[in-house]
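What follows is a short report on a single structure.
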Ligand SMILES: C/C=C/C(=O)SCCNC(=O)CCNC(=O)[C@H](O)C(C)(C)COP(=O)(O)OP(=O)(O)OC[C@H]1O[C@@H](n2cnc3c(N)ncnc32)[C@H](O)[C@@H]1OP(=O)(O)O
């Protein structure tokens with residue numbers, strides 16, 4: 001009898017402003033507009049949305065690093081495009097576009113890491129804030145300088161930054177617009193780790209994460225994300241439900257058995 005195989009073929013679009021590669025479960029998205037310090041043009045934002053869709057559909061991807069080519073991670077939204085916005089309605093749509101793209105990145109089920117070198121300013125920092133974790137190279141500068149341009153952060157910065165580091169510290173950055181050195185960003189909790197080389201440090205962090213059970217990683221992230229904005233009792237119920245899911249996985253059995261047998265676990269993501 002003829003055998004019907006349903007092979008999953010993932011179509012990866014041709015990207016003009018970013019590079020996408022996957023190696024041993026780790027996806028690397030590299031912003032590629034180095035001549036403009038990877039300023040986030042609408043075309044680049046569109047491609048970030050497309051790559052997020054690819055990542056969400058690719059069962060091989062277990063973690064993602066976002067990085068920038070050239071001298072910076074990203075120096076913000078493209079100011080040439082902002083200068084051309086005709087009226088408040090167009091500007092609102094523009095903010096909604098960036099918010100939507102970064103919401104898709106924030107909603108990815110796998111852990112995401114921003115590898116920041118040079119500058120992460122404005123929309124560039126907002127992209128990093130949409131990631132789960134941030135790693136910075138010594139010498140990097142982070143900030144939300146929009147008020148100095150007569151703007152406010154519009155791709156999620158006024159919301160994600162205070163949730164991450166607290167209202168007072170966020171308002172210090174948002175109202176001064178100052179460039180925060182990587183060392184201070186670490187002390188503020190704005191970045192998780194510092195390294196000589198941001199990408200190497202991000203890969204090190206990713207490898208540490210990838211040792212753990214894949215379904216548990218997704219459930220742990222889901223529990224944190226879904227609990228945000230809920231009251232504690234409701235959020236704890238979600239945690240208990242997801243703990244229940246985790247306990248039903250084959251990986252949980254393997255993880256506990258490996259511990260008892262004093263050997264490293266061999267997780268299969270099941
Ligand atoms: C909702 C979101 C809103 C926002 O994100 S608003 C934007 C917020 N970001 C900023 O305000 C940062 C703007 N950039 C800068 O302040 C400076 O850059 C830096 C301090 C980051 C670096 O300065 P230096 O090392 O002197 O480089 P350089 O000559 O200014 O930049 C190299 C090229 O990159 C272009 N560029 C830099 N940032 C942007 C940007 N955000 N939008 C468009 N182009 C940008 C420049 O113009 C220039 O280009 P050319 O060589 O043709 O003169």
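We did not get these values from a lab; they are worked out from the coordinates using the rules stated. Owing to the predicted nature of the structure, the values given are computational and were not obtained by experimental measurement. Every residue, glycine among them, receives a Cβ derived from its backbone with ideal geometry; neighbour counts consider all protein chains shown.
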Legend entry - Helix-only mean residue ellipticity at 222 nm for the chain, each DSSP H run of n ≥ 4 adding -39500 (n - 2.57), per residue, nearest 500: -14500 deg cm²/dmol
Legend entry - Using alpha-carbon coordinates, inclination of helix 198-210 to the longest axis of the chain, degrees: 30
Inset, instruction - Treat each spin label as a single point 7 Å out from the Cα along the C-beta direction, and report the residue 163 to residue 96 distance in nm. - result: 2.0
Inset, instruction - Pop the C-beta distance of residue 258 and residue 24 into the FRET formula with R0 = 22 Å and round what comes out to the nearest 0.05. - result: 0.60
Legend entry - Size descriptor, Kirkwood hydrodynamic radius, that averages inverse alpha-carbon separations across the chain, Å: 19.7
Legend entry - Unit Cα scatterers, Debye sum, the stretch 214-260: log10 I(q)/I(0) for q = 0.27 Å⁻¹: -0.92
Legend entry - Set of the stretch 111-142 residues, backbone N closer than 12 Å to the point 7 Å along the Cα-Cβ line of residue 79: 122
Legend entry - Acute angle (nearest 10 degrees) that the helix 88-106 long axis makes with the longest principal axis of the chain, alpha-carbon atoms: 30
Inset, instruction - Round to the nearest 10 and give me the degree value, 0 to 90, for the angle of helix 250-260's Cα axis relative to the longest principal axis of the chain. - result: 70
Inset, instruction - Show me 79-85, 219-225, 25-31 ranked by packing, highest mean number of other Cβ atoms within 10 Å first. - result: 25-31, 219-225, 79-85
Inset, instruction - Report the residue, chosen from 101, 64, 256, that carries the largest GNM mean-square fluctuation when the chain is represented by alpha-carbon nodes joined by springs under 10 Å. - result: 256
Inset, instruction - For the stretch 101-241, just say rounded, prolate or oblate: build the C-alpha gyration tensor, square-root its eigenvalues into a ≥ b ≥ c, call rounded for a/c under 1.5, and beyond that prolate if a/b exceeds b/c, oblate if not. - result: oblate
Legend entry - Whole-number D in µm² s⁻¹ for the stretch 146-214, Kirkwood Cα-pair radius fed into Stokes-Einstein, 10 °C, 1.306 mPa s: 114
